[in-house]
Amino acid sequence: MTEPLATARTIAAKDLAVERRSRVVANQVLPFAGLVMVMFAFALDDDAIASRVAGGLVWLAALLALLVTVQRSFAVDAADGALEAIRAAGADMRGVFLGKVAALAVQLLVLEAVLVAAAIVLYRVSVRDPLLLVAVLVAATAGLAAVGCIYGGVVAGAGGRETLLPLLLMPVAAPVLIGATRATESAFASGGATPAEGWPWVGLLAAFAAVFLVAGAMSFAALVEE
Amino acid sequence: MSDVRAEAIELRDAVVLYGAHPALTGASVRIGRGEIVLVEGANGSGKSTLLRACAGLKPLVRGEGRVLGFDLRHERAEVRRRTALLAHRDGLWADLTALENVQVWARLAGAAPDEAAAALGRMGIAGPLASRRVGSMSAGQKRRCALACVVVRRAEVWLLDEPHSALDAQGRDDLDALLVAARAAGATVVVASHDTERVAAFADRRIVLSGGRVA
């Protein structure tokens, strides 16, 4: 079997090819996340409040979408025993983990771009610091994708995994939700926040992502082992 | 590097659990390199567990085991890289085409891209069929794809669990020819099968399992 980066490329390309064919994220998860944004816009029905909470709603919708996307990513591998076949083939599981994280991150980034656009239209916010927003999206997405794949791997072979994943994943993803929300509010300059206040949160998000990427790469083999 | 003097597979008093239930209860097996060995036995006799243990997937809880000289307790990663397991499930991605599926395994094994098409061709899947989504294929066609994935891995030990299942007459003949060719190329092939007469026709010997032990 090949080295970790080559394995990661192969697995990422495979996961993205599966999504290109099935279009589950595009046709089901994306509309679901969009609906969350629309429903909150109706529920809040107040421009001032809506613009104040827009950053939080973007990340809440992203987190809900993450749960569905991770579930799907591992269900596809488990359906016909492909994840077990990958283990049996002695593939470098660090590479498998990083490949799955990369594919998940690409899908989440597309999704988040749509959610930010929805926030701009529905909640009447404007992006005051585009660079900060891009940094938040990248750092938070890396962290979410990493924890998503760690816990997706943990529950892949477990009974009741559909309900177990949110239970395990949500508490661990909470720091990302908080940090990304604060930093996005700064990028939107909503609620009196300034762009300068957002960068420390980006640092925290980057540290979170780095820790979970390393921890996931080192532990993934053991997590998916029988 | 594997020890070329070592047996392909050597288990001594191996105990392996399937959940909490002991599926192998002290199995001792020696299989030489370049052999085709038929493993037979009733349902629940431990055939699948024997193959999974030899693939490094199921840990030994007691006893000793080596595959190509690598210890099944401590060198399972080495074992996995050198063995190819075809389990009951095909291990395919339904949304990818047959060719894309085999290409994934070719890339993971470091094989040349054109080896994927060649492996599929050996299993009778070529032309438009190779470009068809696996999810829309018949069970027999999926099994052929799964066997092509085994071929492209270029493993030293093939562990096949009911490989003839779902295959039509031509597919079964193709598979038999493939296994004989693999032996000629130096691979060791272990086939668990209820289709005993067919496999016995070209196997070097047979192992009968009963109650998790070699009878």
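Once you place label points 7 Å from the Cα toward the Cβ at B:Asp204 and B:His88, how far apart are they in nm?
Placing both labels 7 Å along Cα→Cβ, they lie 3.0 nm apart.
Which translational diffusion coefficient, to the nearest whole µm²/s, is obtained for the protein assembly as shown from the Stokes-Einstein equation, given a Kirkwood hydrodynamic radius over C-alpha pairs, 25 °C and 0.890 mPa s?
It diffuses with D of about 104 µm²/s by this estimate.
Quick one: which residues, 5 or more positions from B:Thr97 or on another chain, have an amide H under 5 Å from its amide H? H modelled 1.01 Å from N in the peptide plane, none for Pro or chain starts.
B:Val134
What net charge is computed for the residues neighbouring B:Gln170, neighbours being all others with C-beta under 14 Å from the C-beta of B:Gln170, Lys and Arg scored +1, Asp and Glu -1?
With Lys, Arg at +1 and Asp, Glu at -1, the neighbours total +1.
Convex hull volume of the Cα atoms in the stretch A:105-226, per residue, in Å³?
So the per-residue Cα hull volume is 103 Å³.
In whole Å, what are the extents of the stretch B:127-215 along the principal axes defined by its C-alpha atoms, from largest to smallest?
Principal-axis extents of the Cα atoms in the stretch B:127-215, largest first: 46, 28, 22 Å.
Using Cα atoms only, what is the angle between the long axis of helix A:47-79 and the major principal axis of chain A, expressed in degrees (0 to 90) to the nearest 10?
Once rounded, the angle reads 10 degrees.
Could you tally the net charge around B:Leu11, taking each other residue with its Cβ under 13 Å from the Cβ of B:Leu11, Lys/Arg +1 and Asp/Glu -1?
It works out to a net charge of +3.
Identify all lysines with a Cα-Cα distance to B:Lys47 below 27 Å; exclude those on the same chain that are fewer than 8 residues away in sequence.
Partners found: B:Lys58, B:Lys142.
Please compute the net charge surrounding A:Glu19, taking Lys and Arg as +1 and Asp and Glu as -1 over other residues with Cβ under 11 Å from its Cβ.
Combined, the nearby Lys, Arg, Asp and Glu give +3.
Output wanted: per-residue J couplings in Hz (rounded whole) for the stretch B:16-25, from phi through Karplus 6.51 cos²θ - 1.76 cosθ + 1.60, θ = phi - 60°, x for Gly and Pro.
10, 8, 10, x, 9, 9, x, 8, 10, 10
The stretch B:1-53: which trypsin sites (Lys or Arg not before Pro) are DSSP loop and have at most 10 other beta-carbon atoms within 10 angstrom?
Passing both the DSSP loop test and the Cβ count: B:Arg5.
Compute the helix-to-body angle for B:169-184: its Cα long axis versus the longest principal axis of chain B, expressed 0 to 90° and rounded to tens.
For B:169-184 against chain B, the angle is about 60 degrees.
Work out the FRET efficiency for A:Val211 and B:Arg132 from their Cβ-Cβ distance, taking R0 = 51 Å, and round it to the nearest 0.05.
0.75
Quick check: the angle from helix B:139-153's long axis to the longest principal axis of chain B, C-alpha only, nearest 10 degrees?
70 degrees
Could you list the trypsin sites (Lys or Arg not before Pro) in the stretch B:58-129 that lie in coil according to DSSP, counting only those with at most 16 other Cβ atoms within 10 Å of their Cβ?
Taking the stretch B:58-129 and a limit of 16 other Cβ atoms within 10 Å, the loop trypsin sites (Lys or Arg not before Pro) found are B:Arg73, B:Arg89.
With r defined as the distance between the Cβ atoms of A:Ala158 and A:Gln28 and R0 fixed at 30 Å, what FRET efficiency is calculated, to the nearest 0.05?
0.80
FYI, it's all coordinate maths here, none of it is from the lab. Bear in mind that the values here come from a model prediction, so they are computed numbers and not experimental data. Cβ coordinates were reconstructed from backbone atoms using ideal geometry, including for glycine residues, and neighbour counts include every protein chain displayed.
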